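A quick write-up on the structure given underneath.
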Amino acid sequence: MSNHQFKIKNAKASIVLGDITKQIVDAYVVPHFDNEVSWGGVGNSVACAGAEKGMLEYQDKYCDGRLKFGDVILTQSYGGNSKYLLNATSVASGREKEPRTVYDATSNAIKVAEANKLSSVAFPALGTGIIGKLTPEQSALIMLGAVHNAIQTLQDIRFVIYGDRFAYDEFVKIANSKKDILQISELLKNMVGKAEFNQARWLSEFVKGRVFG
């Protein structure tokens, strides 16, 4: 398992090539649609690893049309290697809105975690799933920049990349590029998602039940 370690302000940070459900942390960030739970991709993995009750609680209490893109809701997981889930409304906001959506979801996940006195959080690469509109480079730039701008008390931040060495390398590259991260607020003004739909990948992930990650 590849693991690149660095610092974001005073927090320990790492980029991990592996399965988010293997990370022992206070909370996982789980991406969802604006009106329903995403049971594919990360959601499927988290549910299968023991947190299905937490996903269902989020579905029953919050998926009623009130959520806006970028919102993050904390629930218990009730199982698995994290005590909590940070449910992020970040899936399928569209090519024009996805950069801002991922920035807001990442920033709000940090703020909600800190408000609830959590010390460690694991993120997937938001916006890079099958229907995501961000390239790995864009996701890394946005997420790392958002964390840098938002973080105050969290001690341990992990970005977990599932099975994609190219995406892992892009996150490592951006993590080592401090200038770009610090400019994220300005870069967001003109950024649109550049990822193209990959039908072969969609078919492969559909067979695995990971379509909406």
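Just so it is clear, none of the values below were taken in a lab; they were calculated from the coordinates. Given the structure is predicted, the values throughout are model-derived calculations rather than measurements. Ideal geometry is used to build each Cβ from the backbone, glycine not excepted, and the neighbour counts take in all protein chains shown.
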Scanning the range 102-123 residue by residue, those under 12 Å from TYR28 (Cα atoms), touching a strand residue (DSSP E or B) at 6+ places or on another chain (Cβ under 6 Å), surrounded by 24 or more Cβ atoms within 10 Å (Cβ to Cβ) and not aromatic (Phe, Trp, Tyr) turn out to be ALA109, ALA113, VAL121, ALA122
Here the residues within the range 25-60 that are closer than 15 Å to ASP71 by Cβ and small (Gly, Ala, Ser) are SER38
Screening VAL42, VAL16, VAL30 for residues that are outside any strand (DSSP E or B), among the β-branched types (Val, Ile, Thr), crowded, with 18+ Cβ neighbours inside 10 Å and within 17 Å of the chain's Cα centre (by Cα) leaves only VAL42
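Does ASP104 satisfy being within 14 Å of the chain's Cα centre (by Cα) and either of a type in the set (S, T, N, Q) or under 22 Å from ILE161 (Cβ atoms) (or both)? Steps first, please.
Working: within 14 Å of the chain's Cα centre (by Cα): yes; either of a type in the set (S, T, N, Q) or under 22 Å from ILE161 (Cβ atoms) (or both): yes.
Against the criterion (within 14 Å of the chain's Cα centre (by Cα) and either of a type in the set (S, T, N, Q) or under 22 Å from ILE161 (Cβ atoms) (or both)), ASP104 qualifies.
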Among the residues of the range 87-102, the number that are part of a helix (DSSP H, G or I) and without any contact (Cβ under 8 Å) to a residue 40 or more places away in the chain is 1
Restricted to the range 111-154 and to residues being part of a loop (DSSP other than H, G, I, E, B) and basic (Lys, Arg), the residue farthest from the chain's Cα centre (by Cα) is LYS117
